[in-house]
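This report concerns only the one structure given below.
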Amino acid sequence: MASTDKPDVENVAAPAPEKGAAAPEVPPRSSLTVVEVVLRVLLFVTTLTAVVVMVTSKQTEWVPVPVPPFRRLNSARWTDSPALVYFVAALSVAGLYSIISTLFSISALSKPGNWKFLVSHFVLLDVLLLGIIASAAGAAGAVAYVGLKGNSHSGWVKICTIYDTYCAHVASSVGVAMVAAFVLVLLILLSVFALIKKSLK
Amino acid sequence: METEQVNRVMGDEEKERARGVGKKRKVRYTGLFIRLVALLLSLAAAIILGLDKQSKVVPITLVSTLPPIKVPVTAKYHYLSAFTYFVVANAVASSYGAVVLILTVANRGSKAGKLAKAIIILDLIMVAVLASANGAAAAVGYLGHEGNKHVRWNKVCNIFGRFCNLVIVAVGVSLLGSLSYIFLIVLAVLSVHKKH
């Protein structure tokens, strides 16, 4: 009698927080959710690093000018180029989004019943964000490449010979943003394959 | 009477199943259609920028007392690395789309397991590559349009007007192409989501 009672109690206790929705197969999901939380935290760390490195890229140097005294102090900032402004804005949005989605993933860890709803909605936003981060990295990378190599056809001189640490900051920031995009790809694949696996059951 | 009811239930079940199959087929056809659109858009973007070329004779005054020297100048996509990247990325995306289209049509009957997963991974990579190519081409196009006075990069679009307009068209078309790749992934996720 007692042995039949016990699972009954568990059965009643388990679906209660999920409002009887579905999914008694909760345990295998939690390890995936832990990986997801780790990846989302990694996404936050990489986007924050990219933004901080880009914003702290200011460099002041003496540049030659054609009028006497033939040189003056000039600073290069990230606000000088619209592409870099777009980069900072896009990665800040990505950082904010990663905070919110991490919180939701943690809540899914404590209440596994919400998992499917959360995943299928977040994966769409993840794909959109991947597009935004990739385009921001592309824009900043293209402008940085012109700064590094110059372009003789359009008469754009290279500036990285003067502003060397500025260019180093921009380049490393773009590199970190690419890592963020890679983390986002992993996150999306994790969610999509988990959804496919679940639908095949 | 009971058998009638059973018959009706059977009929309902069959209808339900048929509806399910029909829905699946509908999703598959929608996917194929969007893939075709994505292929055509990225192909169009690659061709527009790849064939974009403008030559002009620009008068340049070296010394103010002498008459200006006329210099012929040309704008082509491969003069800027960002535009080269854009053309290559769009060409890769369109040929990838063609290969996947052929594979899905060839494997129409069979159950697609590993192939579908590989296609999702590659679709994601295409979204990232196309988006970065769009960002790069748009950033350099903007630079050509507005110039940058902080580093004294002059605008070039006042000389190469038609070239710049075609760059804008190509970036717009490619943007629609990358959006259709995003839509393909959304469709895959939704079809998995709705299945049960």
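Laboratory data are not the source of any read-out in this text; all were calculated from the coordinates shown. Keep in mind that this is a model prediction, so the values were computed, not measured. Don't worry about glycine lacking a Cβ; one is built from the backbone with ideal geometry, like all the others, and counts go over all protein chains shown.
Using the Cβ of A:Asp80 as centre and a radius below 14 Å, the other residues enclosed give a net charge of +2, where K and R count +1 and D and E count -1.
Computed from point charges on the beta carbon alone (+1 for Lys and Arg, -1 for Asp and Glu), the dipole magnitude for the range A:30-200 about its Cα centre is near 100 Debye. Within 10 Å of the Cβ of each residue in A:187-200, the mean number of Cβ atoms contributed by other protein chains is 4.
Each of the peptides B:163-174, B:145-156 was scored by the mean count of other Cβ atoms within 10 Å over its residues; in descending order, highest first, they stand as B:163-174, B:145-156. Peptide A:141-151 has a mean shielding of 6, counted as Cβ atoms of other protein chains within 10 Å of each residue's Cβ. Applying the Karplus relation 6.51 cos²θ - 1.76 cosθ + 1.60 with θ = phi - 60° to the range A:143-159 yields 3J(HN,Hα) values of 5, 5, 5, 5, x, 6, 9, x, 8, 6, 5, 9, x, 9, 7, 6, 10 Hz, where x marks Gly and Pro.
Per-residue shielding of B:78-84, expressed as the average number of other chain Cβ atoms within 10 Å of the residue Cβ, stands at 4.
Rounded if a/c is under 1.5, else prolate if a/b is larger than b/c, else oblate: which is the range A:37-141, with a ≥ b ≥ c the root eigenvalues of its Cα gyration tensor? Could the numbers behind the result be given before it?
Values: a/c = 5.81, a/b = 3.25, b/c = 1.79.
Prolate, because a/c is 1.5 or more and a/b exceeds b/c.
Pairs from the table (B:Lys53/B:Lys149; B:Lys53/B:Lys117; A:Lys149/B:Lys117; A:Lys58/B:Lys56; A:Lys58/B:Lys76; B:Lys76/B:Lys117) lying more than 30 angstrom apart at Cα are B:Lys53/B:Lys117; A:Lys149/B:Lys117; A:Lys58/B:Lys56; A:Lys58/B:Lys76; B:Lys76/B:Lys117. Is the range A:82-179 rounded, prolate or oblate when judged by the Cα gyration tensor, a ≥ b ≥ c being the square roots of its eigenvalues, rounded requiring a/c under 1.5 and prolate requiring a/b larger than b/c? Because a/c hits 1.5 or more and a/b exceeds b/c, the range A:82-179 counts as prolate.
For the range B:126-196, the fraction of alpha-carbon pairs lying more than 15 Å apart is 63 percent, rounded to a whole number.
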